[in-house]
Amino acid sequence: MSEDQSLTFFSRCLRSRSFMVGGLMTAFLLVCAAISLFWTPGSAYDITITNRFLPPSAAHWLGTDQFGRDIASMLMTGTQNSIVVAVVAVSIGLSIGVSLGLLAAAKRGWTEEIIMRLSDFSFAFPAILSAIMLTAILGPGGVNSILAIGLYNIPVFARLTRGTANSIWTREFVMAARASGKGRFRITFEHVLPNILSIIIVQATILFAIAILAEAALSYLGLGTQPPEPSWGRMLNEAQTLMFLDPMQAVYPGLAIAIAVFGLNLLGDGLRDVLDPRLSRKR
Amino acid sequence: MTTESHPVPVLEVHDLVRHYRLPRESLFAEPGHVYALNGVTFEIQKGKSFGIVGESGCGKSTLARNVMALEDTDSGSVKILGKEVIGLSFDQLRPLRRHFQMVFQDPYGSLDPHHNVGRIVAEPLAALGAISKAERESRVSTVLQSVGLKPQDVSKYPHEFSGGQRQRIAIARALITHPELIVADEPVSALDVSVQAQVLNLLKDLQDEFGVTYMFISHDLAVVEYLCDEVAVMYLGEIVEKGQTADLFSTPAHPYTRILLDAVPKPGSGRKRERIKLEGNVTGQTERRMGCAFQDRCPMAKDICHKVKPPLNSVGEAHLAACHFSDEVMQKAKSATL
Amino acid sequence: MSLLNINNLSVILETNKGPARAVRNLSFRLEKGETLGIVGESGCGKSMAALALMGLLPERSKTEGQIKLDGQNLLEKDDQEMCQIRGNRLAMIFQEPMTSLNPVHTVGNQIMEPLRLHRNMSESDAKVETLRLLDRVGIPNPQARFDNYPHQLSGGQRQRVMIAIALSCQPDVLIADEPTTALDVTIQDQILDLIQTLVREEGMSLILISHDLGVISENTDNILVMYGGAAVETGKTEQIFDELIHPYTQGLFAAMPKLGRAKNRRLVTIPGTVPDLISMPMGCTFTDRCPLATEVCQNTPPPVVEVKSKHFVACHHLDEARDRKTEELFS
């Protein structure tokens, strides 16, 4: 066995630079969102036209927008929004996708065919297009964008789960479990799932980033979170027309999105190193 | 059952057939088949070890999986303690599973890395239905001791053990339900020589202690000779020779057995060892034809071998061989030993 | 002067748990045309020694000592020079022919590559030579096999292709690391036979590495027995099987089930398991499993004694090891 396995989980975490950096960036966002629940430096909702386009100051850390709202507060509150959308959307994809993938791997045959062909079918549509289509049908709004992103995540998880689960099903310890009289259901939960969990966690982390990006994109198009709820995507949209007047208004939400996506991707990479040292060796 | 003069064999396999379908090469082509088992028949009496030898592709692992009812069988019968297992559903089989267990080849692949030893070893107890935690723990620690591990090892994980110790864990798992039959598929071939000897001795000791019956699959004839009372030699999904180990190894009646025995390198024998060499590889798993399974590679093959399939005939006491010229082969073996 | 002269070779692997001495102070010679068998269990350092010879050790490793090929120390060569030597003078075949062949190239191309690279042949010459080599290693119908991919060949045939590649540049030394372990006995027989014939006819030297005493016994002039990275016993093959001296060699031989032995005799076992390279004693590597071990074994490396002409044993308790029968030694 690889000697890396003998190291404790904690010391492997410390050794992985991408895990540490990604983790810190993600933690920063989480802290911002948590604080914004009960305190923000200014108000993210109050429209005070007289305060429009204020430069950064002690009262308004990053200045104000064209309606006089505090940008720092909007960013912080927007973090909440992004995180909620990402968590719920990924959870939808995770729970349904992983279940379908495990089912396909356990049953094989026609069940597997149907599940996989369905997920192939949904892969044929570009993600953002199908999200737009869905919100066009259901109407714009936060909940619907969550649903759209979540639906897109289902086949991603289903495919990954089914592929990795299939490889576990061919292992001898699964054969041994079957020889012990364990049914497919028990084997799935006792042997297959624990052995593919680390891969799913890594994938989930990376899909968090994609979900945040997708939410921003939908809001930018006006299909996601509706005003007055602050959202990074809509802040970008609103700043677009003011590019020459106040370019920093576009830079801040852009930076926030970049930090979230970059941090989560790093965290995902780091988690892979930490959870499955054998995979990272080869890179 | 006790009043019968012939006790029920632990395992009876009758005319077992298993053909795998190959994926179609093109949409309109007939799918091909791998003829893995073509009618295998044998039985094992209680407390005996039955060896199955053959090269890769001869169907010995398929046989193991079919005996263990781990995959569907095309036709034939497998009776364990007189009870038919072919055709039973997975749920119907579960209560029977305690009677037959399996040990696998790869001590690294056959233990779930995420489970600790206690959980791994206790796994077959699932087939027994509900038993108390105390009972489970006591059985685990007893069985660990009987394979030479410490009861404290229950909380360790597989990666903390060496290959030989892992194989002991796998044997403990197979033993925990006190099965009558253990099917062992190449259980020592992944181990180092010095460790292999320990495991072989352990298997022997366990047989003496618990009276367990082994169906022992191996490519290593010396290992089979050491452990087994009876041997069957397989080629292309058929048993070509079967008999008591001593008879079969001293006077083989099938040319394939003879060649296999000769091919084993013998330490200390030096370079000048006389032997018949076998040309070519195992071929023909995907075709069915007339005549003897071994015809392509047999040095003695004559016309009749290509036309008539030799039946598995008796050539001695409890000694069967499927060869048109088995007398000749045995004669040679006898004259060589004189 | 010997063709190959290994002097005090040590290989140290850097692991997360600390340095592991995979090979310790190994010395041997190989003459032209000689066949040497290296025998030992997993982790005994036999493969590492072979990789050190080829200059193919993993990145985090260190070598000490000398490997002299015709008087030149290979350990002082840079990568470029080693590349030349690997192709032209030393060649190696591995255990698993499927993973050592590239699945996306035809076998013909894989044999042609070294011919064009090292022997500067033209495309057409290389093809002719490739077909000759395929024929030489006993592959029927080379013309048809030339365009096959590795997965279309059987295990034995793939190993034949590997041998053809190894032969392509007419090496002086062929190193075969467990060449038949993955093969069936009948195929093993064919491949070993082929290697023997080629070595004899091409006048190569052979280092045959195996865990199987039978394979080694039937195919070599001399034997080197390794345990825990160190050589414990060396000598002429016949001599060694005549009288096994080192407790490890005795135990290894006795532990092997042998055809034609009485079924009811128990196998002799060596207690314990193959040791971890990191926590090896300073002295004799076999100390922890040896029935004769005393304190001196733990701390002092054993002296290498020539018990008979060219039969060397490294053991502190030589006389005792010679006097005792194997069965009582390990009972």
>> Students often forget the sequence filter, so: which lysines lie under 16 Å Cα-Cα from C:K32 once same-chain residues fewer than 8 apart are removed?
In response: C:K68, C:K236
> Short version: ³J(HN,Hα) in whole Hz for each residue of segment A:144-154, in order, from phi by Karplus 6.51 cos²θ - 1.76 cosθ + 1.60 (θ = phi - 60°), x for Gly and Pro, what are they?
Replying inline: 5, 5, 4, 4, 4, 5, x, 4, 5, 6, 4
> What is the order of A:Y252, A:Y152, B:Y108, fewest Cβ neighbours within 10 Å to most?
Replying inline: B:Y108, A:Y252, A:Y152
>> Could you tell me which residue out of A:V261, A:P155, A:N166 lies farthest along the dipole of segment A:77-281 toward its positive end? Charges go on the beta carbon: Lys and Arg +1, Asp and Glu -1, centred on the Cα centre.
In response: A:N166
> What average count of beta carbons from other chains do you get within 10 Å of the Cβ of residues in B:223-229?
Replying inline: 4
>> Placing +1 on the Cβ of each Lys and Arg and -1 on the Cβ of each Asp and Glu in segment B:113-272, which of B:G243, B:S155, B:Q198 has its Cα farthest towards the positive end of the resulting dipole?
In response: B:S155
>> Spelling out what I want: for every residue of segment A:199-211, take phi, set θ = phi - 60°, compute 6.51 cos²θ - 1.76 cosθ + 1.60 (Karplus), and round to whole Hz; glycine and proline get x.
In response: 5, 5, 4, 4, 4, 4, 4, 5, 5, 4, 4, 5, 5
> So for the protein assembly as shown, taking the charge dipole from beta-carbon charges (+1 Lys/Arg, -1 Asp/Glu), which of A:L275, A:Q240, C:L174 sits furthest toward the positive end?
Replying inline: A:Q240
> What's the local net charge at C:N148, with K and R +1, D and E -1, over the other residues with C-beta under 13 Å away?
Replying inline: +2
> In nm, to one decimal, how far is the C:M1 label point from the A:F67 one, both placed 7 Å along Cα→Cβ?
Replying inline: 8.9 nm
> From the cross-link list B:K83/B:K204; C:K46/C:K77; B:K79/B:K307; A:K107/B:K309; B:K79/B:K150, which pairs have alpha carbons spaced over 31 Å apart?
Replying inline: B:K79/B:K307; A:K107/B:K309; B:K79/B:K150
> Out of residues 5 or more away from B:V103 or on other chains, whose amide H comes under 5 Å of its own, with H placed 1.01 Å from N in the peptide plane?
Replying inline: B:V183, B:A184, B:D185
> Using unit Cβ charges (K, R positive; D, E negative) and no other charged atoms, how large, in debye to the nearest 20, is the dipole of segment A:77-281 about its Cα centre?
Replying inline: 980 debye
>> Give me, ordered by chain and number, the residues 5 or more places off B:Y235 or on other chains with an amide H under 5 Å from its own placed amide H.
In response: B:V240
> Going by average Cβ neighbours within 10 Å, how do the peptides B:58-69, A:196-207, B:141-152 rank, with the highest at the top?
Replying inline: B:58-69, A:196-207, B:141-152
>> List the lysines whose Cα sits under 30 Å from the Cα of B:K302, skipping any in the same chain fewer than 8 residues away.
In response: B:K60, B:K242, B:K272, B:K277, B:K332, B:K334
>> Please list 3J(HN,Hα) in residue order for segment C:183-190, calculated via the Karplus relation 6.51 cos²θ - 1.76 cosθ + 1.60 where θ = phi - 60°; whole Hz, with x for glycine and proline.
In response: 10, 5, 4, 5, 6, 4, 4, 5
>> Just to verify a number: FRET efficiency for B:S132 and B:Q45, C-beta to C-beta distance, R0 = 35 Å, to 0.05?
In response: 0.50
>> Relative contact order of chain B, please, whole-number percent, based on alpha carbon pairs below 8 angstrom and at least 6 residues apart.
In response: 20 percent
> Whose amide H sits under 5 Å from the amide H of C:S10, counting only residues 5 or more places off or on another chain, with H placed in the peptide plane?
Replying inline: C:N25, C:L26, C:E64, C:G65
>> Please give the charge dipole size of segment C:141-228, origin at the Cα centre, charges +1 on K and R Cβ atoms and -1 on D and E Cβ atoms. Round to the nearest 20 debye.
In response: 260 debye
>> Relative contact order of segment C:145-215, please, whole-number percent, based on alpha carbon pairs below 8 angstrom and at least 6 residues apart.
In response: 37 percent
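No lab work stands behind these numbers, since they all come straight from the coordinates. Only a predicted model underlies this, so the values are computations on that prediction, with no experimental measurement involved. So basically every Cβ, Gly included, is an ideal-geometry build from the backbone, and we count neighbours across all protein chains shown.
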